[in-house]
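These notes are about the structure you will find just below.
The values are calculated or read from the model by the stated rules, or taken from the named source; none is laboratory data. What you see is a predicted model; the values in this text were computed from it and never measured. Neighbour counts run over all protein chains shown; Cβ positions are idealised from the backbone, glycine included. Note: areas computed on protein heavy atoms with side chains; ligands, DNA, RNA excluded. Shrake-Rupley method; radii C 1.70, N 1.55, O 1.52, S 1.80 Å.
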Amino acid sequence: MDSLAALLEGFTTALQPQYLLYALFGVFVGTAVGVLPGIGPAMTVALLLPLTYSLDPTGALILFAGIYYGGMYGGSTTSILLNTPGESASIVTALEGNRMAKAGRGAAALATAAIGSFVAGTIATVLLTFLAPGIAKLAVQLGPADYFALMVVAFLTVGALLGSSVPRGLVSLGLGLMLGLVGTEVLSGQQRYTFGVPSLADGIDVVLIAVGLFALGETLYVASRLRHGAVQIIPVTRGWRSWMTRSDWRRSWKPWLRGTAIGFPIGTIPAGGADVATFLSYASERKLAKGRAREQFGRGAIEGVAGPEAANNAAAAGVLVPLLTLGLPTTATAAIIISAFQSYGIRPGPLLFENQSGLVWALIASLYIGNVLLLVLNLPLVGMWVKVLRIPRPYLYAGILAFAGLGAYALHFNVFDTLTLLVVGIAGFLMRRYGYPVAPMVVGGILGPMAEEQVRKSMAISQGDLLYLVHSPFAIIAYSTMAVIVLTGIWLKRRRAKLEAAPKLVPTSAIQAIDEPTK
Amino acid sequence: MTTETPDPAGAPRPAGAGPRRPIGELAFAVVCALLGVGVIVGAGAIRVPSGSASVLGPRVFPYFVGALLLVAAIAVIVAIATGHRGQPDEGEDVDPDAKTDWRAVVLLVAVFCSQLVLIEFVGWPIAIAVVFAGAALTLGAKRWWVAVLVGLGLGLATQLLFGTWLGLSLPAGPLLDWIPIFNG
């Protein structure tokens, strides 16, 4: 009940008109940018970071929460309506949603995605509300060796599970760790890899790594192989009031709940974030579908949109659990959020709920508010998002480049950061081109320095006894869980590759014929 | 965006039969391995304060990072040599069959570089206008004056929003500094 009282207090802060406006603005901008093709949640968050630079911490985090949820939401619209493969977190939505749209059921797909995201987001935020304080209390007792164990788990799962091959993921992680080394090291104050450049003494900001890899790297990569010609968008016909039929509701609510049940726990453990959750949900919905729904899978089954979309948003909230209670980022987006916290001198972790409880609860309250706002915004405004999708690509990517420049320059008002951004961006371009995942690099950049601090503290405590790292039951459990996660993750990835290759394209008229009689 | 996606053709490419020779891919992996070596060598140059109380000095973690990078990069090189090529990323605006447009990449990098000089000499709005217009034209915008006008609009809008309203110190530049709203 403690958390309920604290939450109510959070609401009184977050419902103040000024903060409500921030939440509305964040959700709106987050969705608008998230809808833009080629821009995933991580890039949305990274590009919009400068908006928060001059706000007070509470306002900034509320704005940020809106952007985070909005960016997650926007992606589903893109993958349903745009006639090309979508972004990673909602790629399985693209499988079914895109086909539903082609069969003239785009409105239903959008609605089940939006309502499913709302349901899942709300349930997951409730879970976050009640779980986080307890976990934070437990986490206070963890020693540096335990933290180090957690970070190693995060490194390896993120490095090994994201992307197509384990060594490439680890190279990406290594590059991130390398950038994390640059700067003045905390414990003994030594400069490392700064080459006497004063701007490097403060280290390389994770925002630069994220914006460079996601915004600049992506733009360069897209530019190298740009799809020319008119943008193909599948038209949405019916008005939004009659979007979902009775049968759509009946077929959607169970996948929403199952998606939430799958997404939230996966979001909380460092297992690759929303990506894995959406895939698992898709696979289980496909397995559970019976009769006509079973036939529709691969041709536009509503369950295949409802489940993964719910899982996606539940995972997005789940990611916040280790982020707020342990200070542990498990996705690229979370890494950027952590660095936003740090820029205000706030260190997420177990003490956050004690030292900054007003701030945390206002943030959590704003997640509830953001979810409601998203539901209200998304369904009626879909016509506007469709217009956003139509932005001619040269202008879209020119705009991304301009905002990437702003993000870098606004960090320290120094063009040295712009130069760093460029170098990271070129690396990001090459990594995309040669099949390296970029997210481990972002996570490595922020988690590397933290992990080093913890391992050196442990060694100082134990006077150099390496066994100290595995002395506590917690650390042992963490390492053994890691082994299980990595092995199942690799197995899942093999299955997923098979699954994604499986659905066969059927003429859309045939799908329409299957659906017509039920209306 | 970093996900594994099936090959457009539906089946994995047969070993070593990619459309391009893997020279670029190998070169990138080799550069990563060299960076790993560089990190290890550089770690030796980090000054360890004498009489430091910590058992693990400032060099140990860098050694580890360098070794990780080196070993992982070598594993990638071996993978490429045995035919396990990386799958290029796919995206909504990426044409999987298009040839690499190096001209666009180089021009974009050059356009972005222009900021390094322009922000400080002619100010933020114009620097952004140059970046926007240059990038849009590189990517195939049809009418150059639209690109320039939108770029100028974007530059002024960001200057007003971030510089004037949110209080970030973006330099307005000598051309605009005399207007009171921009140098507030």
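Structure data summary
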| item | result |
| --- | --- |
| Rounded to the nearest 10 Å², the accessible area of B:Cys113 at probe 1.4 Å | 50 |
| Tilt relative to chain A, helix A:439-462 - C-alpha long axis, 0 to 90 degrees, to 10 | 30 |
| The protein assembly as shown, accessible area per residue, ligands and nucleic acids excluded (1.4 Å, Å²) | 38 |
| With DNA, RNA and ligands ignored, accessible area of A:Val484 (1.4 Å probe; Å², nearest 10) | 90 |
| Volume per residue that the Cα convex hull of the range B:102-182 spans, once the total is divided by residue count, Å³ | 81 |
| Karplus (6.51, -1.76, 1.60) ³J(HN,Hα), θ = phi - 60°, over the range A:50-60, in Hz, Gly and Pro reported as x | x, 4, 8, 4, 9, 8, 6, x, 4, x, 4 |
| Exposure rank, largest accessible area first [B:His84, A:His412; 1.4 Å] | B:His84, A:His412 |
| Spin-label pair B:Tyr63/A:Leu138, simplified geometry with 7 Å Cα→Cβ offset, distance in nm | 3.6 |
| Dipole-positive endmost among A:Leu8, A:Gly444, A:Tyr73 within chain A (Cβ charges, Cα centre) | A:Tyr73 |
| Area buried, chain A against chain B - accessible surface, total, 1.4 angstrom probe, square angstrom | 7800 |
| Where B:Val78, B:Val109 fall by accessible area, highest first, once all protein chains stay in place (1.4 Å) | B:Val78, B:Val109 |
| C-alpha long axis of helix A:106-140 to longest principal axis of chain A, angle in ° | 30 |
| Within chain A, helix-based [θ] at 222 nm, where runs of 4 or more DSSP H residues each add -39,500 (n - 2.57), nearest 500 | -24000 deg cm²/dmol |
| Translational diffusion of the range A:154-232, µm² s⁻¹ [Kirkwood Rh, Cα pairs; Stokes-Einstein; 25 °C; 0.890 mPa s] | 163 |
| Cα pair distances exceeding 47 angstrom across the protein assembly as shown, given as percent | 13 |
| Dipole moment magnitude, nearest 20 debye, the protein assembly as shown about Cα centre, only Lys, Arg, Asp, Glu C-beta charged | 2200 |
| Order of exposure, largest accessible area first, which applies to A:Lys137, B:Lys142 with probe 1.4 Å | B:Lys142, A:Lys137 |
| Cα-based helix-to-principal-axis angle, A:91-100 vs chain A, degrees rounded to 10 | 10 |
| Nitroxide proxy distance, nm - points 7 Å out along Cα→Cβ at B:Leu160 and A:Arg246 | 5.3 |
| For chain A: relative contact order, % (alpha-carbon pairs under 8 angstrom, 6 or more apart) | 29 |
| Summed residue charge, Cβ within 15 Å of B:Ala75's Cβ, Lys/Arg positive, Asp/Glu negative | +1 |
| Farthest positive-ward along the protein assembly as shown dipole, Cα basis, beta-carbon charges - from A:Gly304, A:Phe214, A:Val470 | A:Gly304 |
| Residues in the range B:117-138 that a label on B:Asp177 would reach, taking backbone N under 14 Å of a point 7 Å out along Cα→Cβ | B:119-125 |
| Relative contact order (percent, whole number), the range B:102-182, Cα cutoff 8 Å, 6+ residue spacing | 33 |
| Projected label distance in nm at A:Thr12 and A:Lys387, using a 7 Å step from Cα toward the beta-carbon | 4.1 |
| Derived scalar couplings ³J(HN,Hα) [the range B:96-104; Karplus, 6.51 cos²θ - 1.76 cosθ + 1.60; whole Hz; x for Gly, Pro] | x, 9, 6, 7, 5, 9, 5, 4, 4 |
| Nearest-10 value in Å² for the accessible area of A:Ile204, using the 1.4 Å probe | 30 |
| Cβ-Cβ FRET estimate between A:Tyr479 and A:Lys254, R0 fixed at 35 Å, reported to 0.05 | 0.45 |
| Residue pairs, from the table A:Lys290/A:Lys493; A:Lys287/A:Lys387; A:Lys137/A:Lys457, whose Cα atoms sit over 29 Å apart | A:Lys287/A:Lys387 |
